Amino acid sequence: MDIREMLGQRLVFGFPGTAVPAEFAALVREYKIGNVILFRYNIESLPQLTRLCADIQELIRGATGHDAFIAIDQEGGMVTRLPWDAVNVPGSMALAATGKPENAARAAKITARQLRGVGVNFNLAPDLDVNSNPMNPVIGVRSFGDDPKRVALFGAKAAEGYKNGGVLCCGKHFPGHGDTAVDSHIGLPRIEKTLAQLESCELIPFRAAIGAGIPAVMSSHILFPNIEPRGVPATMSRAILQGLLRETLGFDGLILSDCMVMDAIRRHYGTARGVVEAMRAGVDMVFVSSNAGLQRESAAAALAAAETGAMDARELETSVRRILSAKERWIRAAEPENAGRAGDLAAAARMAREAIAAVRGKACRAGEKTFFCGCADYRMTQAANADPEAKTFPEYMGARFGAKFAVCSKDPEEAEIAELVKRAEGAENIIFSSCNAHLFRGQLALAAALAGKGVPMTVAALRNPYDLSLMPENAALLAAFDYTRDSLAALADVFSGGDCRGAMPVAL
(Lines give C-alpha, C1' and ligand atoms only; values in the text may rest on other atoms or scores of the structure.)
Protein backbone atom coordinates (compact mmCIF):
# COMPACT_ATOMS: atom_id res chain seq x y z
CA MET A 1 0.00 0.00 0.00
CA ASP A 2 1.22 3.51 -0.73
CA ILE A 3 0.92 6.35 1.80
CA ARG A 4 -2.41 7.59 0.43
CA GLU A 5 -3.93 4.12 0.68
CA MET A 6 -2.65 3.62 4.22
CA LEU A 7 -3.97 6.97 5.41
CA GLY A 8 -7.35 6.20 3.85
CA GLN A 9 -7.66 3.18 6.11
CA ARG A 10 -7.24 5.47 9.12
CA LEU A 11 -10.02 7.88 8.14
CA VAL A 12 -13.75 7.49 8.80
CA PHE A 13 -16.03 9.87 6.92
CA GLY A 14 -19.81 10.37 6.80
CA PHE A 15 -22.19 11.99 4.34
CA PRO A 16 -25.69 13.49 4.24
CA GLY A 17 -28.72 11.67 2.84
CA THR A 18 -29.97 8.13 2.48
CA ALA A 19 -27.87 7.25 -0.58
CA VAL A 20 -24.18 7.73 -1.32
CA PRO A 21 -23.72 11.20 -2.88
CA ALA A 22 -21.58 11.48 -6.01
CA GLU A 23 -19.34 14.04 -4.29
CA PHE A 24 -18.66 11.66 -1.43
CA ALA A 25 -17.89 8.81 -3.81
CA ALA A 26 -15.38 11.04 -5.61
CA LEU A 27 -13.71 11.95 -2.31
CA VAL A 28 -13.46 8.26 -1.37
CA ARG A 29 -11.82 7.43 -4.69
CA GLU A 30 -9.40 10.37 -4.54
CA TYR A 31 -8.17 9.78 -0.99
CA LYS A 32 -8.85 6.01 -0.75
CA ILE A 33 -11.13 6.48 2.29
CA GLY A 34 -11.63 3.07 3.90
CA ASN A 35 -14.46 3.58 6.39
CA VAL A 36 -17.86 5.23 6.82
CA ILE A 37 -19.97 6.35 9.77
CA LEU A 38 -23.77 6.44 9.55
CA PHE A 39 -26.25 8.60 11.47
CA ARG A 40 -30.00 8.69 11.84
CA TYR A 41 -30.32 11.06 8.87
CA ASN A 42 -28.81 8.36 6.65
CA ILE A 43 -31.46 5.82 7.59
CA GLU A 44 -35.13 5.33 6.66
CA SER A 45 -35.82 1.63 7.12
CA LEU A 46 -34.12 -1.74 7.42
CA PRO A 47 -34.37 -2.53 3.67
CA GLN A 48 -33.02 0.92 2.74
CA LEU A 49 -30.17 0.61 5.26
CA THR A 50 -29.26 -2.83 3.91
CA ARG A 51 -29.05 -1.42 0.37
CA LEU A 52 -27.01 1.56 1.58
CA CYS A 53 -24.46 -0.63 3.37
CA ALA A 54 -24.10 -2.81 0.26
CA ASP A 55 -23.51 0.31 -1.86
CA ILE A 56 -20.90 1.57 0.61
CA GLN A 57 -19.04 -1.72 0.50
CA GLU A 58 -19.08 -1.77 -3.29
CA LEU A 59 -17.73 1.79 -3.43
CA ILE A 60 -14.95 1.28 -0.90
CA ARG A 61 -13.87 -2.13 -2.17
CA GLY A 62 -13.58 -0.63 -5.64
CA ALA A 63 -11.59 2.36 -4.39
CA THR A 64 -9.31 0.64 -1.88
CA GLY A 65 -9.33 -3.11 -2.50
CA HIS A 66 -10.47 -3.69 1.09
CA ASP A 67 -13.78 -4.01 2.92
CA ALA A 68 -15.14 -0.99 4.75
CA PHE A 69 -15.79 -0.61 8.40
CA ILE A 70 -19.33 0.78 8.56
CA ALA A 71 -19.71 2.36 12.00
CA ILE A 72 -22.74 3.60 13.90
CA ASP A 73 -23.59 4.97 17.37
CA GLN A 74 -26.25 2.45 18.39
CA GLU A 75 -26.03 2.73 22.17
CA GLY A 76 -29.77 2.26 22.76
CA GLY A 77 -32.16 4.62 24.51
CA MET A 78 -31.21 8.25 23.92
CA VAL A 79 -28.61 7.43 21.25
CA THR A 80 -30.45 5.23 18.78
CA ARG A 81 -29.65 5.35 15.07
CA LEU A 82 -31.45 2.29 13.77
CA PRO A 83 -34.89 2.79 12.18
CA TRP A 84 -38.08 2.12 14.03
CA ASP A 85 -38.69 -1.20 12.24
CA ALA A 86 -35.54 -2.53 13.94
CA VAL A 87 -35.17 -3.64 17.55
CA ASN A 88 -33.92 -0.70 19.62
CA VAL A 89 -32.86 -1.73 23.12
CA PRO A 90 -33.00 0.36 26.32
CA GLY A 91 -30.14 2.74 27.10
CA SER A 92 -27.31 2.00 29.49
CA MET A 93 -28.79 3.56 32.66
CA ALA A 94 -32.08 1.75 32.09
CA LEU A 95 -30.22 -1.55 31.72
CA ALA A 96 -28.33 -0.85 34.94
CA ALA A 97 -31.63 -0.09 36.70
CA THR A 98 -32.78 -3.65 36.00
CA GLY A 99 -30.02 -4.79 38.36
CA LYS A 100 -29.13 -7.61 35.96
CA PRO A 101 -25.69 -7.40 34.31
CA GLU A 102 -26.79 -10.15 31.95
CA ASN A 103 -29.24 -7.65 30.44
CA ALA A 104 -26.28 -5.58 29.22
CA ALA A 105 -24.95 -8.65 27.43
CA ARG A 106 -28.42 -9.53 26.13
CA ALA A 107 -29.06 -6.02 24.81
CA ALA A 108 -25.66 -5.91 23.11
CA LYS A 109 -26.21 -9.27 21.44
CA ILE A 110 -29.65 -8.16 20.21
CA THR A 111 -28.11 -4.98 18.84
CA ALA A 112 -25.34 -6.96 17.16
CA ARG A 113 -27.96 -9.06 15.40
CA GLN A 114 -29.71 -5.93 14.11
CA LEU A 115 -26.44 -4.48 12.82
CA ARG A 116 -25.22 -7.68 11.19
CA GLY A 117 -28.63 -8.00 9.60
CA VAL A 118 -28.16 -4.81 7.59
CA GLY A 119 -24.39 -4.89 7.07
CA VAL A 120 -23.17 -2.51 9.79
CA ASN A 121 -20.07 -4.07 11.36
CA PHE A 122 -18.78 -1.58 13.95
CA ASN A 123 -20.84 -0.25 16.87
CA LEU A 124 -19.49 2.74 18.78
CA ALA A 125 -20.72 1.42 22.13
CA PRO A 126 -20.77 0.79 25.07
CA ASP A 127 -20.38 4.05 26.95
CA LEU A 128 -17.93 3.42 29.82
CA ASP A 129 -18.21 6.88 31.38
CA VAL A 130 -18.99 7.09 35.10
CA ASN A 131 -21.66 9.79 35.32
CA SER A 132 -20.37 11.32 38.54
CA ASN A 133 -21.62 14.82 37.68
CA PRO A 134 -25.45 15.04 37.75
CA MET A 135 -25.29 18.22 35.66
CA ASN A 136 -23.43 16.48 32.83
CA PRO A 137 -25.24 17.70 29.69
CA VAL A 138 -24.09 15.02 27.25
CA ILE A 139 -23.62 11.68 29.09
CA GLY A 140 -26.32 11.22 31.75
CA VAL A 141 -28.45 8.16 30.93
CA ARG A 142 -25.90 7.04 28.35
CA SER A 143 -23.84 5.87 31.35
CA PHE A 144 -24.50 2.75 33.42
CA GLY A 145 -24.47 4.97 36.51
CA ASP A 146 -22.33 6.82 39.03
CA ASP A 147 -20.67 3.79 40.64
CA PRO A 148 -17.41 2.86 38.85
CA LYS A 149 -17.73 -0.79 39.78
CA ARG A 150 -21.27 -1.02 38.41
CA VAL A 151 -20.23 0.71 35.19
CA ALA A 152 -17.30 -1.68 34.93
CA LEU A 153 -19.50 -4.75 35.44
CA PHE A 154 -22.24 -3.74 33.00
CA GLY A 155 -19.75 -2.35 30.46
CA ALA A 156 -17.72 -5.55 30.40
CA LYS A 157 -20.92 -7.56 29.98
CA ALA A 158 -21.95 -5.36 27.05
CA ALA A 159 -18.55 -5.90 25.41
CA GLU A 160 -19.05 -9.63 25.88
CA GLY A 161 -22.47 -9.43 24.21
CA TYR A 162 -21.10 -7.63 21.16
CA LYS A 163 -18.26 -10.13 20.86
CA ASN A 164 -20.67 -13.06 21.00
CA GLY A 165 -22.93 -11.26 18.52
CA GLY A 166 -20.10 -10.90 16.02
CA VAL A 167 -19.88 -7.09 15.87
CA LEU A 168 -16.83 -4.96 16.65
CA CYS A 169 -17.55 -2.63 19.58
CA CYS A 170 -15.87 0.34 21.20
CA GLY A 171 -15.63 1.62 24.79
CA LYS A 172 -15.86 5.40 25.16
CA HIS A 173 -14.91 8.21 25.97
CA PHE A 174 -11.38 7.61 27.30
CA PRO A 175 -10.21 8.48 29.91
CA GLY A 176 -13.73 9.57 30.97
CA HIS A 177 -16.44 12.11 30.06
CA GLY A 178 -18.66 11.59 33.11
CA ASP A 179 -17.40 14.43 35.30
CA THR A 180 -17.93 17.32 32.88
CA ALA A 181 -20.44 20.16 32.82
CA VAL A 182 -19.59 21.02 29.21
CA ASP A 183 -20.70 19.10 26.10
CA SER A 184 -17.67 18.56 23.86
CA HIS A 185 -19.91 18.88 20.81
CA ILE A 186 -20.19 22.60 21.57
CA GLY A 187 -17.29 23.40 23.93
CA LEU A 188 -13.96 22.19 25.29
CA PRO A 189 -14.40 20.44 28.67
CA ARG A 190 -11.67 20.40 31.30
CA ILE A 191 -11.20 17.87 34.10
CA GLU A 192 -8.69 18.79 36.80
CA LYS A 193 -8.28 15.31 38.28
CA THR A 194 -4.92 13.75 38.97
CA LEU A 195 -3.98 10.33 37.67
CA ALA A 196 -4.64 8.85 41.10
CA GLN A 197 -8.13 10.33 41.11
CA LEU A 198 -8.81 8.99 37.63
CA GLU A 199 -7.57 5.57 38.73
CA SER A 200 -10.11 5.53 41.57
CA CYS A 201 -13.08 6.32 39.32
CA GLU A 202 -12.93 6.93 35.55
CA LEU A 203 -10.34 4.30 34.67
CA ILE A 204 -12.00 1.43 36.54
CA PRO A 205 -14.53 0.62 33.75
CA PHE A 206 -11.86 0.92 31.05
CA ARG A 207 -9.55 -1.46 32.92
CA ALA A 208 -12.40 -3.95 33.24
CA ALA A 209 -13.36 -3.68 29.58
CA ILE A 210 -9.76 -4.07 28.45
CA GLY A 211 -9.48 -7.12 30.69
CA ALA A 212 -12.61 -8.49 29.03
CA GLY A 213 -11.01 -8.05 25.61
CA ILE A 214 -12.80 -4.99 24.28
CA PRO A 215 -11.40 -4.50 20.75
CA ALA A 216 -11.57 -0.69 20.46
CA VAL A 217 -11.51 2.42 22.66
CA MET A 218 -12.60 5.95 21.71
CA SER A 219 -10.82 9.02 23.03
CA SER A 220 -12.51 12.11 24.46
CA HIS A 221 -12.07 15.74 23.42
CA ILE A 222 -11.34 16.81 27.01
CA LEU A 223 -8.42 18.61 28.62
CA PHE A 224 -6.73 16.75 31.49
CA PRO A 225 -4.05 19.28 32.55
CA ASN A 226 -2.73 17.13 35.39
CA ILE A 227 -1.79 14.29 33.06
CA GLU A 228 -1.35 16.24 29.80
CA PRO A 229 0.17 19.68 30.45
CA ARG A 230 0.55 20.69 26.79
CA GLY A 231 -2.98 22.12 26.56
CA VAL A 232 -4.36 19.55 24.13
CA PRO A 233 -7.32 17.21 24.68
CA ALA A 234 -7.01 13.46 25.12
CA THR A 235 -7.62 12.84 21.42
CA MET A 236 -4.42 14.75 20.57
CA SER A 237 -2.36 13.60 23.56
CA ARG A 238 0.40 11.04 23.14
CA ALA A 239 0.82 10.96 26.92
CA ILE A 240 -2.79 9.84 27.35
CA LEU A 241 -3.16 7.52 24.36
CA GLN A 242 0.28 5.93 24.18
CA GLY A 243 1.41 6.41 27.75
CA LEU A 244 -1.78 5.81 29.76
CA LEU A 245 -3.95 3.71 27.45
CA ARG A 246 -1.38 1.58 25.67
CA GLU A 247 1.46 1.32 28.18
CA THR A 248 -0.17 1.64 31.61
CA LEU A 249 -3.51 -0.08 30.85
CA GLY A 250 -2.01 -2.50 28.33
CA PHE A 251 -4.56 -1.89 25.56
CA ASP A 252 -3.52 -3.32 22.19
CA GLY A 253 -6.71 -2.85 20.14
CA LEU A 254 -7.93 -0.03 17.92
CA ILE A 255 -7.87 3.55 19.25
CA LEU A 256 -10.56 5.77 17.75
CA SER A 257 -11.15 9.48 17.94
CA ASP A 258 -14.47 11.10 18.67
CA CYS A 259 -15.65 13.22 15.75
CA MET A 260 -13.13 15.90 14.81
CA VAL A 261 -15.86 18.27 13.58
CA MET A 262 -17.08 18.73 17.16
CA ASP A 263 -16.46 22.23 18.44
CA ALA A 264 -13.98 21.06 21.08
CA ILE A 265 -11.57 20.37 18.20
CA ARG A 266 -12.83 22.46 15.28
CA ARG A 267 -13.02 25.79 17.11
CA HIS A 268 -9.98 25.43 19.33
CA TYR A 269 -7.45 23.62 17.12
CA GLY A 270 -8.94 23.25 13.66
CA THR A 271 -10.26 19.97 12.32
CA ALA A 272 -7.45 19.28 9.84
CA ARG A 273 -4.73 20.06 12.37
CA GLY A 274 -6.58 17.97 14.94
CA VAL A 275 -6.73 14.99 12.56
CA VAL A 276 -2.97 15.08 11.99
CA GLU A 277 -2.18 15.52 15.67
CA ALA A 278 -4.56 12.71 16.63
CA MET A 279 -2.78 10.35 14.25
CA ARG A 280 0.60 11.45 15.60
CA ALA A 281 -0.67 10.88 19.15
CA GLY A 282 -1.65 7.31 18.38
CA VAL A 283 -5.25 7.34 17.17
CA ASP A 284 -5.69 4.54 14.62
CA MET A 285 -9.00 5.66 13.11
CA VAL A 286 -9.94 9.34 13.02
CA PHE A 287 -13.58 10.37 12.50
CA VAL A 288 -14.57 13.38 10.40
CA SER A 289 -18.25 12.57 10.40
CA SER A 290 -19.60 15.45 8.30
CA ASN A 291 -18.69 18.54 6.28
CA ALA A 292 -17.19 17.61 2.91
CA GLY A 293 -14.88 20.64 2.97
CA LEU A 294 -13.34 19.68 6.29
CA GLN A 295 -13.07 16.06 5.18
CA ARG A 296 -11.13 17.00 2.06
CA GLU A 297 -8.94 19.41 4.04
CA SER A 298 -8.24 16.75 6.68
CA ALA A 299 -7.33 14.06 4.15
CA ALA A 300 -4.98 16.47 2.36
CA ALA A 301 -3.36 17.57 5.62
CA ALA A 302 -2.75 13.97 6.71
CA LEU A 303 -1.25 13.14 3.34
CA ALA A 304 1.05 16.18 3.45
CA ALA A 305 2.19 15.31 6.99
CA ALA A 306 2.99 11.74 6.02
CA GLU A 307 4.80 12.70 2.81
CA THR A 308 6.97 15.31 4.55
CA GLY A 309 7.97 13.02 7.40
CA ALA A 310 5.86 14.74 10.05
CA MET A 311 4.19 11.40 10.71
CA ASP A 312 6.19 8.36 11.81
CA ALA A 313 6.22 5.86 8.93
CA ARG A 314 6.61 2.81 11.14
CA GLU A 315 3.71 3.85 13.36
CA LEU A 316 1.58 4.46 10.26
CA GLU A 317 2.26 0.94 9.01
CA THR A 318 1.60 -0.58 12.45
CA SER A 319 -1.71 1.24 12.72
CA VAL A 320 -2.85 0.10 9.27
CA ARG A 321 -1.91 -3.51 10.02
CA ARG A 322 -4.00 -3.26 13.18
CA ILE A 323 -6.99 -1.95 11.21
CA LEU A 324 -6.75 -4.53 8.43
CA SER A 325 -6.39 -7.35 10.95
CA ALA A 326 -9.59 -6.18 12.69
CA LYS A 327 -11.39 -5.99 9.35
CA GLU A 328 -10.40 -9.54 8.52
CA ARG A 329 -11.75 -10.73 11.85
CA TRP A 330 -14.98 -8.74 12.12
CA ILE A 331 -16.40 -7.94 8.68
CA ARG A 332 -18.98 -10.42 7.42
CA ALA A 333 -21.74 -10.39 4.83
CA ALA A 334 -25.13 -8.97 5.85
CA GLU A 335 -27.58 -11.44 7.40
CA PRO A 336 -31.07 -9.95 6.85
CA GLU A 337 -32.80 -12.71 8.80
CA ASN A 338 -31.15 -11.39 11.98
CA ALA A 339 -32.92 -8.01 12.02
CA GLY A 340 -36.31 -7.37 13.61
CA ARG A 341 -36.83 -10.75 15.24
CA ALA A 342 -40.06 -10.99 17.26
CA GLY A 343 -38.18 -12.56 20.16
CA ASP A 344 -35.73 -9.65 20.24
CA LEU A 345 -38.58 -7.12 20.19
CA ALA A 346 -40.15 -8.88 23.17
CA ALA A 347 -36.84 -9.02 25.03
CA ALA A 348 -36.23 -5.28 24.55
CA ALA A 349 -39.73 -4.48 25.85
CA ARG A 350 -39.20 -6.77 28.82
CA MET A 351 -35.94 -5.06 29.79
CA ALA A 352 -37.61 -1.64 29.54
CA ARG A 353 -40.34 -2.88 31.87
CA GLU A 354 -37.80 -4.20 34.37
CA ALA A 355 -36.05 -0.80 34.45
CA ILE A 356 -38.93 1.32 35.82
CA ALA A 357 -37.87 2.37 39.33
CA ALA A 358 -40.03 3.78 42.12
CA VAL A 359 -38.10 6.52 43.90
CA ARG A 360 -40.80 7.68 46.28
CA GLY A 361 -44.40 6.73 46.99
CA LYS A 362 -46.85 4.74 44.88
CA ALA A 363 -47.76 5.85 41.39
CA CYS A 364 -51.27 7.12 40.71
CA ARG A 365 -53.62 4.68 39.07
CA ALA A 366 -54.64 6.29 35.80
CA GLY A 367 -58.14 6.58 34.39
CA GLU A 368 -60.49 8.93 32.59
CA LYS A 369 -60.16 11.54 35.35
CA THR A 370 -56.35 11.67 35.11
CA PHE A 371 -54.61 14.69 33.59
CA PHE A 372 -51.38 13.81 31.76
CA CYS A 373 -48.85 16.52 31.03
CA GLY A 374 -45.25 16.74 29.83
CA CYS A 375 -43.04 17.81 26.94
CA ALA A 376 -42.16 15.96 23.77
CA ASP A 377 -38.88 14.11 23.38
CA TYR A 378 -36.23 16.41 21.98
CA ARG A 379 -32.58 16.40 20.98
CA MET A 380 -30.70 17.78 23.96
CA THR A 381 -27.25 17.09 22.52
CA GLN A 382 -25.85 16.42 19.07
CA ALA A 383 -25.14 12.86 20.18
CA ALA A 384 -28.86 12.18 20.64
CA ASN A 385 -31.77 11.80 18.29
CA ALA A 386 -35.51 11.85 18.93
CA ASP A 387 -38.07 9.63 17.21
CA PRO A 388 -40.00 12.07 15.00
CA GLU A 389 -42.79 9.55 14.47
CA ALA A 390 -43.32 8.63 18.13
CA LYS A 391 -46.17 9.94 20.24
CA THR A 392 -45.42 12.18 23.17
CA PHE A 393 -45.92 10.90 26.70
CA PRO A 394 -49.17 12.89 27.20
CA GLU A 395 -50.60 11.83 23.83
CA TYR A 396 -49.71 8.18 24.41
CA MET A 397 -51.17 8.04 27.90
CA GLY A 398 -54.22 10.12 27.00
CA ALA A 399 -55.10 7.65 24.26
CA ARG A 400 -54.30 4.65 26.44
CA PHE A 401 -56.52 5.72 29.35
CA GLY A 402 -59.10 7.93 27.61
CA ALA A 403 -57.90 10.86 29.72
CA LYS A 404 -57.26 14.58 29.29
CA PHE A 405 -53.72 15.52 28.33
CA ALA A 406 -51.56 18.46 27.30
CA VAL A 407 -48.13 18.68 25.71
CA CYS A 408 -45.95 21.47 27.07
CA SER A 409 -42.79 23.03 25.69
CA LYS A 410 -39.47 21.77 27.03
CA ASP A 411 -38.95 24.97 29.09
CA PRO A 412 -42.42 26.47 29.71
CA GLU A 413 -42.79 30.07 30.87
CA GLU A 414 -45.34 31.69 33.18
CA ALA A 415 -48.21 32.16 30.70
CA GLU A 416 -47.99 28.60 29.40
CA ILE A 417 -47.82 27.23 32.93
CA ALA A 418 -50.95 29.15 33.93
CA GLU A 419 -52.83 27.80 30.90
CA LEU A 420 -51.81 24.21 31.65
CA VAL A 421 -52.89 24.51 35.29
CA LYS A 422 -56.33 25.61 34.05
CA ARG A 423 -56.53 22.58 31.79
CA ALA A 424 -55.97 20.35 34.81
CA GLU A 425 -59.24 21.52 36.39
CA GLY A 426 -61.46 18.62 37.44
CA ALA A 427 -58.71 16.02 37.39
CA GLU A 428 -58.75 13.45 40.18
CA ASN A 429 -55.01 12.91 39.80
CA ILE A 430 -52.14 14.30 37.73
CA ILE A 431 -49.32 12.40 36.05
CA PHE A 432 -46.47 14.58 34.83
CA SER A 433 -43.45 13.53 32.77
CA SER A 434 -40.11 15.33 32.88
CA CYS A 435 -37.34 15.30 30.30
CA ASN A 436 -34.14 16.78 31.75
CA ALA A 437 -36.03 19.23 33.96
CA HIS A 438 -32.86 19.74 36.02
CA LEU A 439 -31.51 21.55 32.96
CA PHE A 440 -34.78 23.14 31.75
CA ARG A 441 -36.22 24.63 34.91
CA GLY A 442 -39.54 25.67 33.38
CA GLN A 443 -40.58 22.04 33.72
CA LEU A 444 -39.90 22.24 37.46
CA ALA A 445 -42.05 25.37 37.76
CA LEU A 446 -44.86 23.64 35.89
CA ALA A 447 -44.64 20.57 38.11
CA ALA A 448 -44.82 22.77 41.22
CA ALA A 449 -47.84 24.62 39.86
CA LEU A 450 -49.67 21.38 39.05
CA ALA A 451 -48.83 20.01 42.51
CA GLY A 452 -50.59 23.08 43.91
CA LYS A 453 -53.91 21.66 42.66
CA GLY A 454 -53.91 19.47 45.76
CA VAL A 455 -54.75 16.18 44.04
CA PRO A 456 -52.58 13.04 44.00
CA MET A 457 -49.67 13.48 41.61
CA THR A 458 -46.98 11.29 40.06
CA VAL A 459 -43.86 12.48 38.25
CA ALA A 460 -42.06 10.15 35.83
CA ALA A 461 -38.55 11.15 34.69
CA LEU A 462 -38.23 10.05 31.08
CA ARG A 463 -34.58 10.96 30.74
CA ASN A 464 -32.08 11.86 33.47
CA PRO A 465 -33.47 10.81 36.87
CA TYR A 466 -31.80 13.77 38.61
CA ASP A 467 -34.99 15.72 37.89
CA LEU A 468 -36.74 13.80 40.64
CA SER A 469 -34.79 15.32 43.52
CA LEU A 470 -36.22 18.71 42.52
CA MET A 471 -39.88 17.71 42.23
CA PRO A 472 -42.74 18.62 44.63
CA GLU A 473 -42.68 16.82 47.96
CA ASN A 474 -46.27 15.60 47.62
CA ALA A 475 -45.61 13.77 44.33
CA ALA A 476 -44.84 10.09 43.86
CA LEU A 477 -41.67 9.70 41.81
CA LEU A 478 -40.72 7.22 39.08
CA ALA A 479 -37.61 6.89 36.91
CA ALA A 480 -37.95 5.48 33.39
CA PHE A 481 -34.53 6.63 31.99
CA ASP A 482 -35.67 6.49 28.33
CA TYR A 483 -38.23 8.37 26.24
CA THR A 484 -39.05 5.47 23.93
CA ARG A 485 -42.05 3.46 22.86
CA ASP A 486 -41.05 0.58 25.12
CA SER A 487 -40.59 2.83 28.17
CA LEU A 488 -44.00 4.47 27.58
CA ALA A 489 -45.64 1.05 27.38
CA ALA A 490 -43.85 0.03 30.58
CA LEU A 491 -45.06 3.16 32.39
CA ALA A 492 -48.62 2.58 31.19
CA ASP A 493 -48.48 -0.81 32.86
CA VAL A 494 -47.35 0.81 36.11
CA PHE A 495 -50.18 3.36 35.88
CA SER A 496 -52.57 0.42 35.48
CA GLY A 497 -51.49 -0.91 38.85
CA GLY A 498 -48.33 -2.82 37.91
CA ASP A 499 -45.32 -2.95 40.20
CA CYS A 500 -41.96 -1.22 39.74
CA ARG A 501 -39.05 -3.61 39.42
CA GLY A 502 -36.06 -1.35 38.86
CA ALA A 503 -33.51 0.09 41.28
CA MET A 504 -31.80 3.45 40.99
CA PRO A 505 -28.27 3.22 39.51
CA VAL A 506 -27.42 6.78 40.58
CA ALA A 507 -27.74 8.68 43.85
CA LEU A 508 -30.17 11.61 44.00
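The values are calculated or read from the model by the stated rules, or taken from the named source; none is laboratory data. Given the structure is predicted, the values throughout are model-derived calculations rather than measurements. Methodologically, a virtual Cβ is constructed for each residue, glycine included, from the backbone with ideal geometry; neighbour enumeration extends over all protein chains shown. Each accessible area value is taken on the protein alone, full model and side chains, heavy atoms only, with ligands, DNA and RNA left out. Shrake-Rupley method; radii C 1.70, N 1.55, O 1.52, S 1.80 Å.
Tabulated values for the structure
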{"quantity": "Residue 395 outside any loop (DSSP other than H, G, I, E, B) and either touching a Cys at 6+ places or on another chain (Cβ under 7 Å) or modelled with pLDDT under 95 (or both)", "calculated": "no"}
{"quantity": "Among the candidates 479, 415, residue that is among the small types (Gly, Ala, Ser) and closer than 28 Å to residue 85 by Cα", "calculated": "479"}
{"quantity": "Search result, residues across segment 76-101 that are more than 11 Å from residue 482 (Cβ to Cβ), open to solvent by 20 Å² or more (accessible area, probe 1.4 Å) and touching a residue at least 60 places away in the same chain (Cβ under 8 Å)", "calculated": "84, 85, 99, 100"}
{"quantity": "Options 108, 63, 125: the member that is out of contact with any Pro (no Cβ under 6 Å at 6 or more places or on another chain), under 17 Å from residue 172 (Cβ atoms), assigned to a helix (DSSP H, G or I) and not β-branched (Val, Ile, Thr)", "calculated": "108"}
{"quantity": "Qualifying residue in segment 115-122 (condition: out of contact with any Leu (no Cβ under 9 Å at 6 or more places or on another chain) and of a type in the set (A, V, I, L, M, F, W, C))", "calculated": "no"}
{"quantity": "The one condition in (1) crowded, with 17+ Cβ neighbours inside 10 Å; (2) part of a loop (DSSP other than H, G, I, E, B); (3) not polar (S, T, N, Q) that residue 309 fails to fulfil", "calculated": "(1)"}
{"quantity": "Criterion violated by residue 411 - all others in (1) closer than 18 Å to residue 140 by Cβ; (2) within 23 Å of the chain's Cα centre (by Cα) satisfied", "calculated": "(2)"}
{"quantity": "Pair list, Cβ < 8 Å and 6+ apart or interchain, from segment 13-41 residues that are at positive phi and open to solvent by 50 Å² or more (accessible area, probe 1.4 Å) to residues that are at pLDDT 95 or above and not β-branched (Val, Ile, Thr)", "calculated": "32/4; 32/5; 32/7; 32/8; 32/9; 32/63"}
{"quantity": "Residue match in segment 463-471 (condition: surrounded by fewer than 21 Cβ atoms within 10 Å (Cβ to Cβ) and over 23 Å from residue 141 (Cα atoms))", "calculated": "no"}
{"quantity": "Given (1) under 24 Å from residue 330 (Cβ atoms); (2) in a helix (DSSP H, G or I), number of the condition residue 239 does not satisfy", "calculated": "(1)"}
{"quantity": "Criterion violated by residue 409 - all others in (1) over 18 Å from residue 134 (Cβ atoms); (2) open to solvent by 60 Å² or more (accessible area, probe 1.4 Å) satisfied", "calculated": "(2)"}
{"quantity": "Given (1) in contact with an Asp or Glu (Cβ under 8 Å, 6 or more places away or on another chain); (2) in a helix (DSSP H, G or I); (3) more than 30 Å from residue 11 (Cβ to Cβ), number of the condition residue 90 does not satisfy", "calculated": "(2)"}
{"quantity": "Boolean, residue 483 is under 14 Å from residue 375 (Cβ atoms) and open to solvent by 10 Å² or more (accessible area, probe 1.4 Å)", "calculated": "yes"}
{"quantity": "In segment 263-299, the residues that are of a type in the set (A, V, I, L, M), in contact (Cβ under 8 Å) with a residue 40 or more places away in the chain and either open to solvent by 10 Å² or more (accessible area, probe 1.4 Å) or on the phi > 0 side of the Ramachandran plot (or both)", "calculated": "292"}
{"quantity": "Criterion violated by residue 257 - all others in (1) assigned to a helix (DSSP H, G or I); (2) out of contact with any Leu (no Cβ under 7 Å at 6 or more places or on another chain); (3) polar (S, T, N, Q); (4) crowded, with 22+ Cβ neighbours inside 10 Å satisfied", "calculated": "(1)"}
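Quick grid of which residues meet (1) crowded, with 24+ Cβ neighbours inside 10 Å; (2) at positive phi:
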{"site": "103", "(1), (2)": "yes, no"}
{"site": "121", "(1), (2)": "yes, no"}
{"site": "158", "(1), (2)": "yes, no"}
{"site": "171", "(1), (2)": "yes, no"}
{"site": "176", "(1), (2)": "yes, yes"}
{"site": "190", "(1), (2)": "no, no"}
{"site": "201", "(1), (2)": "no, no"}
{"site": "206", "(1), (2)": "yes, no"}
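Here's the yes/no breakdown for (1) in a helix (DSSP H, G or I); (2) aromatic (Phe, Trp, Tyr); (3) farther than 15 Å from residue 222 by Cβ; (4) modelled with pLDDT of 95 or more:
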residue: 146; (1), (2), (3), (4): no, no, yes, yes
residue: 157; (1), (2), (3), (4): yes, no, yes, yes
residue: 161; (1), (2), (3), (4): yes, no, yes, yes
residue: 183; (1), (2), (3), (4): no, no, no, no
residue: 186; (1), (2), (3), (4): no, no, no, no
residue: 198; (1), (2), (3), (4): yes, no, no, yes
